[in-house]
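What follows is calculated from the coordinates using simple rules that are stated; it is not laboratory data. Here the structure is a predicted model, which is why all the values come from computation and not from measurement. Here the Cβ is made from the backbone with ideal geometry for all residues, glycine too, and neighbour counts use every protein chain on show.
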Amino acid sequence: MRQIYPDLWQTSPERPIPDTPEATSHAYLLLRDGGNVLFYGTGREEGGSPKEEDDLRGIQHLGGVSHQILAHWHEAAPSLAHIREMFGSKLCCHERDASDVARIGKIEVDQVFRRAETALSDIEVIPTPGHTAGSTCFLYRSPHGKTYLFSGDTIVPARDSWLSAALGGSKADLRNSLELLRNLKPDAVMAAGALGPDTYREIASPAAWQAAIDAAEQALS
């Protein structure tokens, strides 16, 4: 576990694509007064790998998890049930991806998102279909002063640039979703995956965010 901000921790890196060694994934634990939220999946193994178990013990020390939120169904794995059993947490994702999450993770989804809304009192749900039909981003304005965008795989760091790809979704939808994200002003982006060593990247300025969206759209084309 690595602390990024006073209320945000990053789990150990995973290598989700065996034939793409530079691909990296992380989960993120957001510490909140209303209950900690775990964004994304922590691993692929049913019982948890030793590295994942170390992370889960760290999460337990930080107060556990009230809700685990997935940005899209590619994050589903049998380890979801292990997290629910350990913390008594509720599993959340978009309605369009819920059946695939349940099938792959062998676990029922407790809460589904259907539209742009505010979840758990302070997390903005932003449906961004395209990577998958139910891909969703989440915006959180931290009381410590920064705005976090949990972008899933809608837009991800890619070496020294940014990437976006439709993997089961629609390129046209994804272009529209990127344009929707263009209007945001995040201080930091926490993606579910990346091509490179880290899924976390700070955004230096509004102009830098516009350039990131431009790069993702160009990669999509």
- Before anything else, pin down the relative contact order of the stretch 1-121: Cα pairs under 8 Å, at least 6 apart, normalised by residue count, whole percent. 18
- Scattering profile of the stretch 1-116 at q = 0.20 Å⁻¹ [log10 I(q)/I(0), Debye over alpha-carbon scatterers]: -1.11
- Would you indicate which of [x] 35; [y] 32; [z] 53 is the value of percent of Cα pairs over 25 Å apart derived from the coordinates of this structure? [y]
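By per-residue mean of other Cβ atoms within 10 Å, what is the highest-first order of 79-89, 179-189?
Details: 79-89: 18.4, 179-189: 16.4.
Going by the mean number of other Cβ atoms within 10 Å, highest first, we get 79-89, 179-189.
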- Task: Please list 65-71, 26-32, 202-208 highest first by mean number of surrounding beta-carbon atoms within 10 Å per residue.
- Result: 65-71, 26-32, 202-208
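Just check the stretch 140-221 against the gyration tensor rule for me: Cα atoms, a ≥ b ≥ c as the square roots of the eigenvalues, rounded for a/c under 1.5, and otherwise prolate or oblate depending on whether a/b exceeds b/c.
Prolate is the answer for the stretch 140-221, as a/c is 1.5 or above and a/b outweighs b/c.
Cut-off is 10 Å between beta-carbons; in what order do S221, S142 appear when sorted fewest neighbours first? Walk me through the intermediate numbers first.
Numbers: S221 8, S142 18.
Sorted ascending by nearby Cβ count, the order is S221, S142.
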- Message: Per DSSP helix of 4 or more residues, -39500 (n - 2.57); summed, then divided by the residues of the chain. What does that give at 222 nm, rounded to the nearest 500?
- Response: -8000 deg cm²/dmol
- Mean separation of Cα pairs under 8 Å and 6+ residues apart, divided by the residue count of the stretch 107-221: what relative contact order is that in percent? 24
- Would you mind checking the tilt of helix 206-220 against the longest principal axis of the Cα atoms of the chain, expressed as 0 to 90 degrees and rounded to 10? 90
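Relative contact order of the stretch 2-220: what whole-number percent is it, with Cα pairs under 8 angstrom and at least 6 residues apart? Walk me through the intermediate numbers first.
On the way: 515 pairs, mean separation 36.2, N = 219.
Relative CO of the stretch 2-220 lands at 17 percent.
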- Task: Taking a cut-off of 25 Å between Cα atoms, list the lysines near K90, but don't count ones fewer than 8 places away on the same chain.
- Result: K51, K106
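Using the 10 angstrom Cβ neighbour count as an exposure proxy, how do Y200, Y140 rank, fewest first? Spell out each step's value before the answer.
Numbers: Y200 18, Y140 22.
Taking fewest neighbouring Cβ atoms as first place, the list is Y200, Y140.
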